[in-house]
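Notes for the one structure printed next.
The values are calculated or read from the model by the stated rules, or taken from the named source; none is laboratory data. All values derive from a computational prediction rather than experimental measurement. Reconstructed Cβ throughout: ideal geometry from the backbone, glycine too, with neighbour counts over all protein chains shown.
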């Protein structure tokens with residue numbers, strides 16, 4: 001019986017660590033990509049019909065927030081908060097892409113790096129996958145009482 005519980009805990013710990021690693025890589029990569037190509041990122045945000053007046057604010061705070069989010073995930077004391085914030089941000093991004101796909105006449109891409117090369121549909125699935133990963137991480141962490 002104890003062996004079974006120990007094995008389940010180890011498995012969930014490994015899965016949590018893998019999810020956290022994937023999210024940390026995602027947040028650092030996207031943040032650095034946005035900072036690296038800041039002017040283009042800001043311009044593309046300004047082209048969005050839903051973000052027009054907020055593009056300057058978002059262009060600075062989003063990549064900075066993504067880096068902060070990666071830090072939250074790295075440290076055990078803030079990991080739960082990082083997972084919840086990752087879930088919320090990925091849900092927001094997924095919703096934004098869905099709205100852009102189905103309700104916008106123009107589809108400017110403000111994502112950086114490799115993500116900018118994806119189609120909008122691929123990006124929707126990618127984001128939905130990371131949203132689901134974040135949720136799985138939260139569920140496992142809550143069950144484990146990390």
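Numerical summary
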| item | result |
| --- | --- |
| Qualifying residues in the range 14-27 (those that are surrounded by fewer than 18 Cβ atoms within 10 Å (Cβ to Cβ) and touching a helix residue (DSSP H, G or I) at 6+ places or on another chain (Cβ under 7 Å)) - the one farthest from residue 130 (Cα to Cα) | 15 |
| Residue tally, condition in contact with a helix residue (DSSP H, G or I) (Cβ under 9 Å, 6 or more places away or on another chain) and modelled with pLDDT of 90 or more, over the range 40-57 | 0 |
